[in-house]
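S.K.: My questions all concern the structure below.
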């Protein structure tokens, strides 16, 4: 049988992926991020990636860069809309919204956002597969197309000894898009809400 020729890869400039829109007006960008954040929370809830009240997804505000939109403490992901989100400053104080935020969980988000100014969104919630991987205390092996996306782009925090130290989590994440927290689960980041949720 004759050998089949290997096709040439398609150059990146010819790929037609739709990228998230860029809004020059901070109010329009804020509304867009909040809509994507609420939609992401509903999707994560539908997929069963919410366990109790520990999960949070945050998005940096486009105008007030040390403020972040986040889901309220104790509310199910499945029913959240943009109007339910809280604006929280980097010290964990609720600036807008009438509910509480999980201070410990948010401190991790704030530390990651501060360490990585280009990061728009952080996902840290509970997913059964994520906890299973975290219990192994190993990085993903590049054995599938999906796992290859994390090759040399994720880290392991293997020193868990109590309440998550936000600065240690941010340092362990480093420049990567994902962090496996030993015996705890996963954390992902992205330049958009969609990217951070996709990596999760």
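The values are calculated or read from the model by the stated rules, or taken from the named source; none is laboratory data. Owing to the predicted nature of the structure, the values given are computational and were not obtained by experimental measurement. All Cβ positions, glycine included, derive from the backbone under ideal geometry; neighbour counts span all protein chains shown.
S.K.: Being in contact with a helix residue (DSSP H, G or I) (Cβ under 9 Å, 6 or more places away or on another chain), surrounded by fewer than 20 Cβ atoms within 10 Å (Cβ to Cβ), without any contact (Cβ under 8 Å) to a residue 40 or more places away in the chain and closer than 23 Å to residue 127 by Cβ is the filter here, so list the residues in region 40-78 that pass it.
M.R.: 42, 45, 46, 72, 73, 75, 76, 78 - these are the residues of region 40-78 that are in contact with a helix residue (DSSP H, G or I) (Cβ under 9 Å, 6 or more places away or on another chain), surrounded by fewer than 20 Cβ atoms within 10 Å (Cβ to Cβ), without any contact (Cβ under 8 Å) to a residue 40 or more places away in the chain and closer than 23 Å to residue 127 by Cβ.
One line per residue, one yes/no per condition, for (1) touching a residue at least 24 places away in the same chain (Cβ under 8 Å); (2) touching a helix residue (DSSP H, G or I) at 6+ places or on another chain (Cβ under 6 Å); (3) in a helix (DSSP H, G or I); (4) surrounded by 13 or more Cβ atoms within 10 Å (Cβ to Cβ):
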site: 131; (1), (2), (3), (4): yes, no, yes, yes
site: 138; (1), (2), (3), (4): yes, no, no, no
site: 146; (1), (2), (3), (4): no, no, yes, no
site: 150; (1), (2), (3), (4): yes, no, no, yes
site: 159; (1), (2), (3), (4): no, no, no, no
site: 168; (1), (2), (3), (4): no, no, yes, yes
site: 172; (1), (2), (3), (4): no, no, yes, yes
site: 176; (1), (2), (3), (4): no, no, no, yes
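S.K.: Okay, moving on. Going by the structure shown, is residue 104 modelled with pLDDT under 90 and within 17 Å of the chain's Cα centre (by Cα)? Lay out the reasoning, then the answer.
M.R.: Working: modelled with pLDDT under 90: yes; within 17 Å of the chain's Cα centre (by Cα): yes.
Yes: the conditions hold for residue 104.
S.K.: Any chance you could count how many residues in region 87-109 are in contact with a strand residue (DSSP E or B) (Cβ under 8 Å, 6 or more places away or on another chain), closer than 23 Å to residue 174 by Cβ and surrounded by fewer than 23 Cβ atoms within 10 Å (Cβ to Cβ)? So that I can check it myself, show each step before the final result.
M.R.: In the first step, residues of region 87-109 are kept if they are in contact with a strand residue (DSSP E or B) (Cβ under 8 Å, 6 or more places away or on another chain); the result is 87-90, 94-97, 99-102, 105-106, 108-109.
Right, trim to closer than 23 Å to residue 174 by Cβ and you get 90, 105-106, 108-109.
Filter again for surrounded by fewer than 23 Cβ atoms within 10 Å (Cβ to Cβ), leaving 90, 105.
Going through region 87-109 one residue at a time, the tally reaches 2.
S.K.: Here's another thing I want to ask about it. Give region 107-120 a look and list any residue that's more than 14 Å from residue 88 (Cβ to Cβ) and touching a helix residue (DSSP H, G or I) at 6+ places or on another chain (Cβ under 7 Å), or say none. Walk me through how you get there before you give the answer.
M.R.: The first filter runs over region 107-120 and keeps only residues more than 14 Å from residue 88 (Cβ to Cβ), leaving 115-120.
Matches in region 107-120: 115, 119, 120.
S.K.: Could you say whether any residue in region 18-28 is under 30 Å from residue 129 (Cα atoms) and either surrounded by 13 or more Cβ atoms within 10 Å (Cβ to Cβ) or touching a strand residue (DSSP E or B) at 6+ places or on another chain (Cβ under 7 Å) (or both)? It would help to see each step written out before you state the result.
M.R.: Quick first cut of region 18-28, residues under 30 Å from residue 129 (Cα atoms) only: 18-20.
Still in the running and either surrounded by 13 or more Cβ atoms within 10 Å (Cβ to Cβ) or touching a strand residue (DSSP E or B) at 6+ places or on another chain (Cβ under 7 Å) (or both): 20.
Yes, some residue in region 18-28 is under 30 Å from residue 129 (Cα atoms) and either surrounded by 13 or more Cβ atoms within 10 Å (Cβ to Cβ) or touching a strand residue (DSSP E or B) at 6+ places or on another chain (Cβ under 7 Å) (or both).
S.K.: Just to be sure, is residue 200 without any contact (Cβ under 8 Å) to a residue 60 or more places away in the chain and either buried (at least 19 other Cβ atoms within 10 Å of the Cβ) or farther than 13 Å from residue 119 by Cβ (or both)?
M.R.: On the way: without any contact (Cβ under 8 Å) to a residue 60 or more places away in the chain: no; either buried (at least 19 other Cβ atoms within 10 Å of the Cβ) or farther than 13 Å from residue 119 by Cβ (or both): yes.
Spelling it out, it is not the case that residue 200 is without any contact (Cβ under 8 Å) to a residue 60 or more places away in the chain and either buried (at least 19 other Cβ atoms within 10 Å of the Cβ) or farther than 13 Å from residue 119 by Cβ (or both).
S.K.: Considering 68, 49, which residue is in a loop (DSSP other than H, G, I, E, B) and under 15 Å from the mean Cα position of the chain (by Cα)? Write out each step before concluding.
M.R.: Details: 68 fails: in a loop (DSSP other than H, G, I, E, B).
Criteria check complete, one pass: 49.
S.K.: Which one of 196, 118 is within 30 Å of residue 35 (Cβ to Cβ), at pLDDT 95 or above and outside any loop (DSSP other than H, G, I, E, B)?
M.R.: Numbers: 118 fails: outside any loop (DSSP other than H, G, I, E, B).
Criteria check complete, one pass: 196.
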